[in-house]
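*Asks:* There's a structure below that I have some questions on.
The values are calculated or read from the model by the stated rules, or taken from the named source; none is laboratory data. Small disclaimer: the values here were computed from a predicted structure and weren't measured. Note that each Cβ is placed from the backbone with ideal geometry, even for glycine, and that neighbours are counted across all protein chains shown.
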Amino acid sequence: MTAELEIELQPAGNRPSEAFLIDLVVNGVTSEHSRRSYKTGLKAFFTWIRLSGAGRAFTKALVQQYRSSLLDQGLSASTVNLRLSPIRKLAREMADNQLLDPAAAAAIERVPGIEKRGNRAGNWLMKEQANDLLNAPSPKTLPGIRDRAVLALLLGCGLRRAELLRINIEDLQQREGRWVLPDMAGKGGRVRTVTVPAGVKSRIDAWLCASGISQGRLFRPVTKAGVLAGEEIRDEKAVWRLVMRYAKTSGLGKLAPHDLRRTCAKLCRKAGGELEQIQLLLGHASIQTTERYLGTEQALAHAVNDAIGLDIA
């Protein structure tokens, strides 16, 4: 075991050392989202090493140099921190597997991230806009009927893309006289029960009736000709493209699936929903996460400074 490890990167197309190190990290996490994010981050790090001519010794100095290059690119604090996270994880895993001196790994973990000032409000829809999006797909075609059910679950239940695509028909069950998705495993392996409003269930029923499916995955690929083309939708980007397409036709601009999850939370709060209940619906680890997620919305129609009573003519 040495204090420094030479990261021997092979030419593109044949990188056994790089692949080994990536596997070392991604095999240590369970979330599919985190595995994908860590893999992307490590590939970017290794590419930078190859192209920049930086030293191959895996040290704190090398990681600090990489951090500086990310800042020079004008990347946001969130993006820089996201790129550094898998590198810290790599140092920990290498130390645990006797591939890196623990002192060197600890030094790498001390490379600071970028302080984020304030919280990004993110994007969400007003109720009228959400209704426009919900009714954008055609109710007369099989793809449209499916997409109406997809949008209903995203907006009405606040699901993540991966959660949506994992739903089996058998997962829809009744509890206390209402339809729910019980024991849904979300981010970080947290399990929750997702309540399904009556309107959302009606759209799901319309899709099941039109498609004729009765078991297995709820959502399936559909050709433009209206023919089922597989047993499941494997690519989460398909949901992204679906949302973007209907957002464009509805005049809503750029919109991501996660914006619909945020919209669900915002509309729940405006309807008087308790923070704890919104937390349970979304599957957040803590109430603080939900509070940050919702943020504090500035009232523009009835602004706080409209009523201060100054005699301004």
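*Asks:* When you scan region 166-245 for strands (runs of 3 or more DSSP E) that lie fully inside it, which ones turn up with 3 or more residues that are surrounded by 11 or more Cβ atoms within 10 Å (Cβ to Cβ) and in the same structural domain as Glu32 (by TED's automatic domain parsing)?
*Replies:* Hits in region 166-245: none.
*Asks:* So which residues in region 16-38 are of a type outside the set (Phe, Trp, Tyr) and in contact with a Pro (Cβ under 8 Å, 6 or more places away or on another chain), if there are any at all?
*Replies:* Answer for region 16-38, where residues must be of a type outside the set (Phe, Trp, Tyr) and in contact with a Pro (Cβ under 8 Å, 6 or more places away or on another chain): Val25, Ser37.
*Asks:* Could you check region 67-92 and list, in sequence order, the residues that are surrounded by 20 or more Cβ atoms within 10 Å (Cβ to Cβ) and not aliphatic (A, V, I, L, M)?
*Replies:* Of everything in region 67-92, those that are surrounded by 20 or more Cβ atoms within 10 Å (Cβ to Cβ) and not aliphatic (A, V, I, L, M) turn out to be Arg83, Pro86, Lys89.
*Asks:* Further question: Exactly one of these conditions fails for Ala162: (1) hydrophobic (A, V, I, L, M, F, W, C); (2) part of a helix (DSSP H, G or I); (3) within 30 Å of Gln64 (Cα to Cα). Give me its number.
*Replies:* Going through (1) hydrophobic (A, V, I, L, M, F, W, C); (2) part of a helix (DSSP H, G or I); (3) within 30 Å of Gln64 (Cα to Cα) one by one, Ala162 breaks only (3).
*Asks:* Pro137 passes all but one of (1) closer than 28 Å to Thr289 by Cα; (2) modelled with pLDDT of 95 or more; (3) more than 22 Å from the chain's Cα centre (by Cα); which number fails?
*Replies:* Pro137 satisfies all of (1) closer than 28 Å to Thr289 by Cα; (2) modelled with pLDDT of 95 or more; (3) more than 22 Å from the chain's Cα centre (by Cα) except (1).
*Asks:* Next question, about the same structure. In region 41-73, what residues are among the hydroxyl-bearing types (Ser, Thr, Tyr), closer than 19 Å to Glu109 by Cα and out of contact with any helix residue (DSSP H, G or I) (no Cβ under 7 Å at 6 or more places or on another chain)?
*Replies:* Just the residues of region 41-73 that are among the hydroxyl-bearing types (Ser, Thr, Tyr), to begin with: 47, 52, 59, 66, 68-69.
Then drop every residue that is not closer than 19 Å to Glu109 by Cα, which leaves 59, 66, 68-69.
Selection gives Ser68 alone.
*Asks:* Taking the condition assigned to a helix (DSSP H, G or I), of a type in the set (A, V, I, L, M) and within 30 Å of Leu42 (Cβ to Cβ), does Ala152 pass?
*Replies:* The answer is no for Ala152.
*Asks:* Scan region 247-255 and give yes if some residue there is out of contact with any helix residue (DSSP H, G or I) (no Cβ under 6 Å at 6 or more places or on another chain), over 16 Å from Arg160 (Cβ atoms), of a type in the set (Val, Ile, Thr) and assigned by TED's automatic domain parsing to the domain that holds Arg146, otherwise no.
*Replies:* yes
*Asks:* Working only within region 131-149, note down all residues that are free of Cβ contacts under 8 Å to residues at least 24 places away in the same chain and part of a helix (DSSP H, G or I). Steps first, please.
*Replies:* Residues of region 131-149 free of Cβ contacts under 8 Å to residues at least 24 places away in the same chain: 131, 134-135, 138, 140, 144.
Hits for region 131-149 are Asn131, Leu134, Gly144.
*Asks:* Quick one: which of Ala105, Ala152, Ala130 is of a type in the set (Gly, Ala, Ser) and closer than 30 Å to Ala57 by Cβ?
*Replies:* Ala105
*Asks:* Quick check on Asn119: is it modelled with pLDDT under 95 and under 28 Å from Ala247 (Cα atoms)?
*Replies:* yes
*Asks:* Just one of (1) in a helix (DSSP H, G or I); (2) farther than 30 Å from Lys270 by Cα trips up Leu100, so point out which.
*Replies:* Evaluating Leu100 over (1) in a helix (DSSP H, G or I); (2) farther than 30 Å from Lys270 by Cα leaves (1) as the failure.
*Asks:* Taking the condition outside any helix (DSSP H, G or I), closer than 30 Å to Leu294 by Cα and in contact (Cβ under 8 Å) with a residue 24 or more places away in the chain, does Asn81 pass?
*Replies:* So Asn81 does not fit the description; no.
*Asks:* Follow-up. Considering region 246-284 alone, what residues qualify as being outside any helix (DSSP H, G or I) and over 19 Å from the mean Cα position of the chain (by Cα)?
*Replies:* The first filter runs over region 246-284 and keeps only residues outside any helix (DSSP H, G or I), leaving 250-256, 271-274, 283-284.
Scanning region 246-284 gives Ser250, Gly251, Leu252, Gly253, Ala271, Gly272, Gly273, Glu274.
*Asks:* Is there a residue in region 64-81 that is modelled with pLDDT under 95 and closer than 30 Å to Gly156 by Cα?
*Replies:* Yes.
*Asks:* So which residues in region 243-253 are in contact (Cβ under 8 Å) with a residue 40 or more places away in the chain and not small (Gly, Ala, Ser)?
*Replies:* Scanning region 243-253 gives Val243, Tyr246, Thr249, Leu252.
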